[in-house]
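To start, the structure under review is shown below, and the notes come after it.
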Amino acid sequence: MNYWLSRTGLSRTLAKVAVLVAISCAGLSVTGHANAAQPSGTVKSTHGAWSIICDTPAGATSEQCVMMQNVVAEDRPEMGLSVVVLRTADNKAEILRVLAPLGVLLPNGLGLNVDGKDIGRAYFVRCFQDGCYAEVILEKPLLDTLKTGTSATFIVFQTPEEGIGIPVDLKGFAEGFAALP
């Protein structure tokens, strides 16, 4: 299986999470509630369900852009996610960052299923007043899966047994990623 946090790559990924914590300010901040996150910046283009949003954050010397989609569970309007793809400021990595609302069960992490295939889970790395963040480096196998997939489901947990699937449309993901500066 191609887990985004596979059991064999767990120690390598945990080391990368430490790096992600250090560089997580790269890109744009997303503020507001998870089901109504409002990025700062300007929408530069739209690719299917994805928007490219750019801004010059305080202290930055150049404009930074993210590819983003806000989604809400069909049967739970209070359960929304902001899904963000960004390049680090040094252009050495791409990150998939998901903002989930407060109240999710943190130890279970964030599950991902693409076109009916279980991809795995990512750990939440921190919580702020706007929600909790899960982040992974977009390595080639996961990136290829997202580029060629048609639909993804991110799964958050409110109890160990109760997973809530939130659909994410992958239409335009490949084109938007190619257009991401």
- [ ] Given the conditions (1) among the small types (G, A, S); (2) under 23 Å from V43 (Cα atoms); (3) surrounded by fewer than 19 Cβ atoms within 10 Å (Cβ to Cβ); (4) in contact (Cβ under 8 Å) with a residue 60 or more places away in the chain, report the number of the one that G165 does not fulfil.
- [x] (2)
TODO: Please name all residue pairs, on different chains or six or more residues apart, with Cβ atoms under 7 Å, provided the first residue is in the range 101-125 and is touching a residue at least 12 places away in the same chain (Cβ under 8 Å) and over 17 Å from G80 (Cβ atoms) and the second residue is among the polar types (S, T, N, Q) and crowded, with 17+ Cβ neighbours inside 10 Å.
DONE: N113/T153; V114/T145; I119/N113; I119/T145
- [ ] Find the residue count for the range 102-125, including only residues that are at positive phi and not acidic (D, E).
- [x] 4
TODO: Among the numbered conditions (1) buried (at least 20 other Cβ atoms within 10 Å of the Cβ); (2) among the hydrophobic types (A, V, I, L, M, F, W, C); (3) in a loop (DSSP other than H, G, I, E, B), tell me where L106 comes up short.
DONE: (1)
Task: Selection within the range 140-155 - in contact (Cβ under 8 Å) with a residue 12 or more places away in the chain, more than 13 Å from the chain's Cα centre (by Cα) and more than 19 Å from W50 (Cα to Cα) - done: P141
Open item on the list: If Y133 meets every condition in (1) over 29 Å from A89 (Cβ atoms); (2) assigned to a strand (DSSP E or B); (3) hydroxyl-bearing (S, T, Y) apart from one, which number is that one?
Closed with: (1)
TODO: Go through R121, R126 for me and flag whichever is among the charged types (D, E, K, R), in a strand (DSSP E or B), touching a strand residue (DSSP E or B) at 6+ places or on another chain (Cβ under 6 Å) and buried (at least 16 other Cβ atoms within 10 Å of the Cβ).
DONE: R121
Open item on the list: Take the conditions among the basic types (K, R), more than 28 Å from T42 (Cβ to Cβ) and modelled with pLDDT under 95 and apply them to R87. Does it pass?
Closed with: no
Open item on the list: Among the listed residues V84, V66, V98, V72, identify the single one that is among the hydrophobic types (A, V, I, L, M, F, W, C), surrounded by fewer than 21 Cβ atoms within 10 Å (Cβ to Cβ), outside any loop (DSSP other than H, G, I, E, B) and touching a residue at least 40 places away in the same chain (Cβ under 8 Å).
Closed with: V72
- [ ] Could you pull out the residue among T46, T42 that is of a type in the set (V, I, T), over 18 Å from the mean Cα position of the chain (by Cα) and at pLDDT 90 or above?
- [x] T42
- [ ] Tell me which of these V71 doesn't satisfy, since it passes every other one: (1) β-branched (V, I, T); (2) over 16 Å from the mean Cα position of the chain (by Cα); (3) within 20 Å of I166 (Cα to Cα).
- [x] (2)
Open item on the list: If N113 meets every condition in (1) more than 19 Å from K140 (Cβ to Cβ); (2) crowded, with 21+ Cβ neighbours inside 10 Å; (3) not acidic (D, E) apart from one, which number is that one?
Closed with: (2)
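The values are calculated or read from the model by the stated rules, or taken from the named source; none is laboratory data. Here the structure is a predicted model, which is why all the values come from computation and not from measurement. Cβ atoms come from the backbone with ideal geometry, glycine included; neighbour counts cover every protein chain shown.
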